[in-house]
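What follows is a set of notes on a single structure, which appears directly below.
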Amino acid sequence: MTRLRVVDNSGAKEIQCIGHDRNKAPGRLGDAIRAVVKSAKSGGRVSKKDIVAAVIVRMKGRHTRADGTEVRFQDNAAVLMKRDLSGPIGTRVQGPVARELRAGRFMKIVMMASRSV
């Protein structure tokens, strides 16, 4: 039930996670989740109370990489995706995204971001 900031231009401002693939364990960088839109801008592609798919691109908790380095961000953030996870809803991503997206199937998000950390 974590709330995440939306960092693309789909029209949503904040979403709340309602489920993900890994049942009991918390979501990590690069995980696909289901979420409900809690607040949105008027005239956007999504509206309040819509159920959407999203990908976690930043998280406040520590994430340890395979080489032993740790990465942490200032906020929990996500990018909204189409329901079948074929591509993002928005056309721009603001701020950095995690390098873990590059290893997954979310290369379009990495290409749209200002930088990957």
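For K38, the aspartates and glutamates whose Cα comes closer than 19 Å to its Cα, not counting residues fewer than 8 places off in the same chain, are D8, E14, D50, D75.
Which residue, R102, R92, R65, tops the fluctuation ranking in a GNM of the chain built on C-alpha contacts under 10 Å? Sorting by GNM fluctuation, first place goes to R65.
When the Gaussian network model of the chain links Cα atoms closer than 10 Å, the mean-square fluctuations of G90, G27, G68 top out at G68.
Only one residue of M112, I15, G27 has its Cα farthest out toward the positive end of the dipole of the chain, where Lys and Arg carry +1 and Asp and Glu -1 on Cβ, and that residue is I15.
Here the dipole of the chain is about 200 debye; that uses its Cα centre as origin and unit charges on the Cβ of Lys and Arg (positive) and Asp and Glu (negative).
Within the chain, antiparallel bridges make up roughly 85 percent of the DSSP beta bridges whose residues both belong there. Judged by the gyration tensor of its Cα atoms, with axes a ≥ b ≥ c, the range 13-63 is prolate; a/c meets the 1.5 cut and a/b is the larger of a/b and b/c.
Mark the label point 7 Å from the Cα of S39 along Cα→Cβ and return the residues of the range 71-115 whose backbone N is within less than 20 Å of it. From the range 71-115, the list is 74-80, 94-95.
Distances between every pair of Cα atoms in the chain, grouped in 5 Å steps from 0 to the bin holding the largest one, split as 2, 13, 25, 26, 21, 10, 3, 1, 0 percent. Taking the chain as a Gaussian network of alpha-carbon nodes connected by springs under 10 Å, the highest mean-square fluctuation of the residues M81, M107, M59 belongs to M107.
None of the figures in this text is laboratory data; all of them are computed from the coordinates on show. Every value quoted in this text rests on a predicted model; they were computed, and no experiment measured them. We place every Cβ from the backbone using ideal geometry, glycine too, and count neighbours over all the protein chains shown.
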